[in-house]
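Here is the structure we will look at.
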Amino acid sequence: MKAMVLERVDSIQNGPLRLRELPTPEPPEGHLRVRVRTCAICRTDLHVIEGELAGAKMPVVPGHQIVGIVDALGPNCRRFRLGDRVGIAWLRQTCGQCEFCRAGKENLCEAAQFTGYHADGGYAEYALVREDFAYAIPELFTDAEAAPLLCAGIIGYRAFRRAQVPEEGGRLALYGFGSSAHVVLQLAQARGCEVFVVSRGEKHRQLARQMGADWVGESAEQLPCKVHSAIIFAPAGDLVPPALEKLQKGGTLALAGIYMSPIPQMDYQRYLFYERDIRSVTSNTRQDGEQLLAEAARIPIRPHTTVYPLAEANRALQDLKTDQIAGTGVLQIG
């Protein structure tokens, strides 16, 4: 099979992914083999490629927002059939036995493994997944539309919940307007929220306006009012103090990134007093994924995508790093 392979950590500007011919994998017990059609790109892929997330297996095939067709079943697979369309996400495997797994917090499992990091992912013609970690894809989404929902959507959904957005409307600020944020905007709008978008990129601000954000600007200081909830998607710790300063008393700030630069020292009285909360977001549970896909189909959410061929994965990620993509970049494979 053809795959884009990372053989050593390097800047994406140097084109470190190489198109290789690899053996087509055979599914072990309880696993599906998926013929990949699309795989969305993600900033987490960049963090793996450029070494901010250490510990990835090498060489590795990145990619964890995978949509494809089941084309082989390992022994004892019963949940899906040949020909079913499924999704593969970042969370790949947990132990199922630790205190976190037993408490419904499998995203915190110490033995968790991740797609495109501990095992090969979706920048390839085929991928493997444990069938109990695969997702059925709602029919109304195209392959390109479905792919961003499998990380941008799921993590955005968890961040939205962690931000404790008021159930009936409320004011929500989004810092950074990339793949996750443009899904969360649609979730928030469907629930009657006012949404305020802060982004340094003009393309991202244009998309936010096009999608009906109530206010769009370049900095937190420009926000016209205080908000009940906020989510920081950009991996920039220096956004935390100004975002907190724009929270209402009792408001909640969620930090959605898997990686973030250092947060500056803060004055307690100015930024945190009045019961303002900061909550991090760590991966997701399978329940998050199922709930997001169901809600996305009901709304329906329509991701904005830019499609690239598999062989141009380096260019796609370069465009992502330099904020050239409005919405989500998606590799077309099958």
**OP:** Calculate the radius of gyration of the Cα atoms of the range 189-237 to one decimal place, then report Dmax, the largest Cα-Cα distance, as a whole number, both in Å.
**Re:** 10.8, 29
**OP:** Heads up, I need the accessible area for Arg35: 1.4 angstrom probe, whole protein in place, Å², nearest 10.
**Re:** 100
Original post:
Cα-based Rg of the range 70-115 per 2.2 N^0.38 Å, rounded to two decimals?
Top reply: 1.41
Subject >> Rounded percent of accessible protein surface that carbon and sulfur make up, the chain, 1.4 Å probe >> reply: 46
Subject >> Solvent exposure of the range 218-304 as accessible area per residue, Å², 1.4 Å probe >> reply: 49
Original post:
Probe 1.4 Å, all protein chains in place: accessible area of Cys109 in Å², nearest 10?
Top reply: 10
**OP:** Taking amide H positions as placed in the peptide plane 1.01 Å from N, state which residues far from Gly251 in sequence (5 or more) or on other chains have amide H under 5 Å from it.
**Re:** Asp277
Original post:
If the viscosity is 1.306 mPa s and the temperature 10 °C, what translational diffusion coefficient in µm²/s does Stokes-Einstein give for the range 96-239 when Rh comes from Kirkwood over Cα pairs?
Top reply: 93
Original post:
Given the convex hull over the Cα atoms of the chain, what projected area results after averaging over all orientations, in nm²?
Top reply: 16.2
**OP:** Write down the accessible area per residue of the range 1-119 in Å², having rolled a 1.4 Å probe over the full set of protein chains.
**Re:** 45
**OP:** Heavy atoms only, probe 1.4 angstrom, no DNA, RNA or ligands counted: give me Val165, Val60 ranked by accessible area, highest first.
**Re:** Val165, Val60
Original post:
How fast does the range 173-311 diffuse by Stokes-Einstein, in µm²/s, taking the Kirkwood radius from C-alpha pairs at 37 °C and 0.692 mPa s?
Top reply: 206
Original post:
Under 5 Å between amide H atoms, partner at least 5 residues away or on a different chain: which partners does Leu331 have, H built in plane at 1.01 Å?
Top reply: Cys39, Ala40, Ile41, Tyr308
**OP:** Kindly rank 8-15, 167-174 from highest to lowest mean number of other beta carbons found within 10 Å of each residue.
**Re:** 167-174, 8-15
Original post:
When the distances between all Cα atoms of the range 261-334 are binned every 5 Å from zero, what whole-number percent does each bin get?
Top reply: 3, 11, 12, 11, 14, 18, 13, 10, 5, 2, 1
**OP:** Leaving ligands, DNA and RNA out of it, work out the accessible area of Asp71 with a 1.4 Å probe and give it in Å² to the nearest 10.
**Re:** 50
**OP:** With a 1.4 Å probe and all protein chains in place, put Cys39, Cys95 in order of accessible area, largest first.
**Re:** Cys95, Cys39
Subject >> Directionally averaged shadow of the range 53-134, computed from the convex hull of its alpha-carbon atoms, nm² >> reply: 6.0
Subject >> log10 of Debye I(q)/I(0), alpha-carbon scatterers only, for the range 1-160 at 0.08 Å⁻¹ >> reply: -0.22
Subject >> Mean ellipticity per residue at 222 nm, deg cm²/dmol - from DSSP H runs of n ≥ 4 across the chain, formula -39500 (n - 2.57) >> reply: -6500 deg cm²/dmol
**OP:** Using Cα centres only, tell me the gap between the range 163-233 and the range 244-306 in whole Å.
**Re:** 11
**OP:** Quick one: what are the phi-derived ³J(HN,Hα) couplings along the range 112-121, Karplus 6.51/-1.76/1.60 with θ = phi - 60°, whole Hz, x for glycine and proline?
**Re:** 4, 10, 10, 6, x, 9, 8, 9, 4, x
Subject >> Karplus (6.51, -1.76, 1.60) ³J(HN,Hα), θ = phi - 60°, over the range 178-189, in Hz, Gly and Pro reported as x >> reply: x, 4, 5, 4, 6, 7, 4, 3, 5, 4, 5, 4
Original post:
Using θ = phi - 60° and the Karplus curve 6.51 cos²θ - 1.76 cosθ + 1.60, what whole-Hz ³J(HN,Hα) does each residue of the range 240-253 get, with Gly and Pro shown as x?
Top reply: 4, x, x, 5, 5, 5, 8, 8, 4, 3, x, x, 10, 10
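The values are calculated or read from the model by the stated rules, or taken from the named source; none is laboratory data. Remember, predicted model here, so these are calculated numbers, not experimental data. Backbone-built Cβ (ideal geometry, glycine too); neighbour counts: all protein chains shown. Calculation scope for accessible area: heavy atoms of the full protein, side chains included, ligands and nucleic acids excluded. Shrake-Rupley method; radii C 1.70, N 1.55, O 1.52, S 1.80 Å.
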